[in-house]
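Just below is one structure, and these are the notes that go with it.
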Amino acid sequence: MRFVLDNDVPVSVRAMLQRYGHESWSAHEAGLAEAEDDDLTVYAVERRSVLVSLDAQFMQRRRANAIGRHVRLRCPEPDAAMVLAGHLKEVLDYLERDHVTVTVSRDGGEGGQRLGLAFVRAWHPPEDLPLLAGTR
């Protein structure tokens, strides 16, 4: 699978994805270091790639205007690669769909941060939800 990493995603996530045989590159490498979130989304969709980010507001906007495949890492930046690696197979299963947002965190709650427990939640738009033109 192909992954585009938002500017807030540490290089350790890229290294981990590549170790597992996935193609990945950063927004910076794509010449999109200063790009708006919507431009990153369109870039990823055009390349049939998954956009990975730590940005909660970005992912909330994607849920409101469903386009593409996204992974939100809800964890401290230094833990991002470990949290994603621990549940990569499950995340990849969700990403087989179009227009899906997957949130991966250490656990399902806001308070606890017990290492080793992860939570994966996927959101897929209803069929009648309007998408950006030309995306379905």
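Each reported figure results from applying straightforward, stated rules to the coordinates on display, with no laboratory input. Here the structure is a predicted model, which is why all the values come from computation and not from measurement. When we count neighbours, we look across all protein chains shown, and the Cβ atoms used for this are built from the backbone with ideal geometry, even at glycine.
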Amide H proximity to D8 below 5 Å, modelled H, separation 5+ or other chain, gives L54
Interatomic Cα distance distribution for the range 1-43, bins of 5 angstrom, percent: 6, 25, 32, 21, 14, 3
Would you please give the residues with an amide H less than 5 Å from that of F3, counting only those at least 5 places away or on a separate chain, with H modeled from the backbone geometry? E23, S24, W25, V50
Can you pull out the GluC sites (Glu not before Pro) in the range 17-64 whose DSSP state is coil and whose Cβ has at most 11 other Cβ atoms within 10 Å? E34, E36
Listing V9, V45 from the residue with the fewest other Cβ atoms within 10 Å to the one with the most, what is the order? V45, V9
